[in-house]
Amino acid sequence: MTSNVSGRPPGASGSTGSGGILAYLRSFIRKTLVITELEARKLRHDPADLLTRVVQPVLWLVVFGQVLAQVRAIPTGEMPYLDFMTPGILAQSVLFISIFYGISIVWERDLGIIQKFLVSPTPRTALVAGKALSAGLRSLSQAFIVFVLAMILGVHMVLAPLDILLVVLIVLLGAAIFATLSLIIACLVKTRERFMGIGQMVTMPLFFASNAIYPISMMPDWLKVISYGNPLTYVVDALRGTMVVGGVSEFGILLDVGLLVVMAMILMLIGGRLYPRVGR
């Protein structure tokens, strides 16, 4: 089997009409969902992974959030600090799950699975998009757990269907961004040891240079500039405007979602270009 370098499905080469474009999009979506389904099987075979990952958000909400809520050291206006913090902890969970997703790429390369993907006619961007979407599915399970825990702790959650759908969309976009960033790192460094070191180095600055646990207005000017370029800032801002009663999106939910879509698309295109390098 030879590699389809262009990434187009058979029969779509040279087609410029709307029918050819629609056929390509259908093929792209179908192949993306196939990759997502393959990745989701791993989750079904190892559900304990989700339970171990939920420990961190539980500690942040139950311990850190409760303590700072009593201290009242961070100004959040009339919103209780735990309500303010909950969207940030969900965004943190999405980040921590997705940013190490690229380690699976290194394992697949060592097992020879990457080479099988690379000789298939599946577009490289579809491979990246499928893995990004599967990271989103993992993150949704964390979102459900954070929702339930927050309600038990007395956080005033918004349960309107439209708002919940927006939360799902924002979680999927955030997971796609960080999972694709993780894949790009894996394509560049290629070894597990270097990948884990860079992943650890990237995670905490992304978290603390965002509005997850304190408002941007508290930051020094230089950190504000960094936070405005941090995708986690827009994930938190959008979640804060949809998840909790009285939550306000500082930048506007439409702007947040628009920026996240653009970031995800750019990173997927970069990941699609770099993906063949991981097999070398």
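Where a number appears in this text, it was derived from the coordinates with a stated rule and is not lab data. Every value quoted in this text rests on a predicted model; they were computed, and no experiment measured them. Cβ: placed from backbone, ideal geometry, glycine included. Neighbour counts: every protein chain shown.
Below are the figures for this structure:
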| quantity | calculated |
| --- | --- |
| Protection proxy ranking of 259-269, 245-255, 85-95 - average other beta-carbon atoms within 10 Å, highest first | 85-95, 259-269, 245-255 |
| Within-12-Å neighbourhood charge of residue 241 [Cβ basis; K, R +1; D, E -1] | -3 |
| FRET efficiency estimate (nearest 0.05) - Cβ-Cβ, residue 62 to residue 250, R0 35 angstrom | 0.85 |
| Approximate shape of the range 18-279 as ellipsoid semi-axes (Cα gyration tensor, √5λ), whole Å, largest first | 32, 19, 18 |
| Order of 74, 185, 105 - criterion: other Cβ atoms within 10 Å of each residue's Cβ, fewest first | 74, 185, 105 |
| Spin-label proximity, residue 217 to the range 237-275 - amide N less than 17 Å from point 7 Å beyond Cα toward beta carbon | 237, 240-241, 246-252 |
| Farthest positive-ward along the range 18-279 dipole, Cα basis, beta-carbon charges - from 268, 57, 164 | 268 |
| Listed residue (147, 84, 70) projecting farthest to the positive dipole end of the range 18-279, Cβ model | 147 |
| Inter-label distance for residue 41 and residue 152, nm, one decimal - labels placed 7 Å from Cα along Cα-to-Cβ | 3.4 |
| Kirkwood-Stokes translational diffusion coefficient of the range 137-246, alpha-carbon pairs, 25 °C, 0.890 mPa s, µm²/s | 158 |
| Rounded to the nearest 20 debye, dipole of the range 18-279 from Cβ charges on Lys, Arg, Asp, Glu | 1060 |
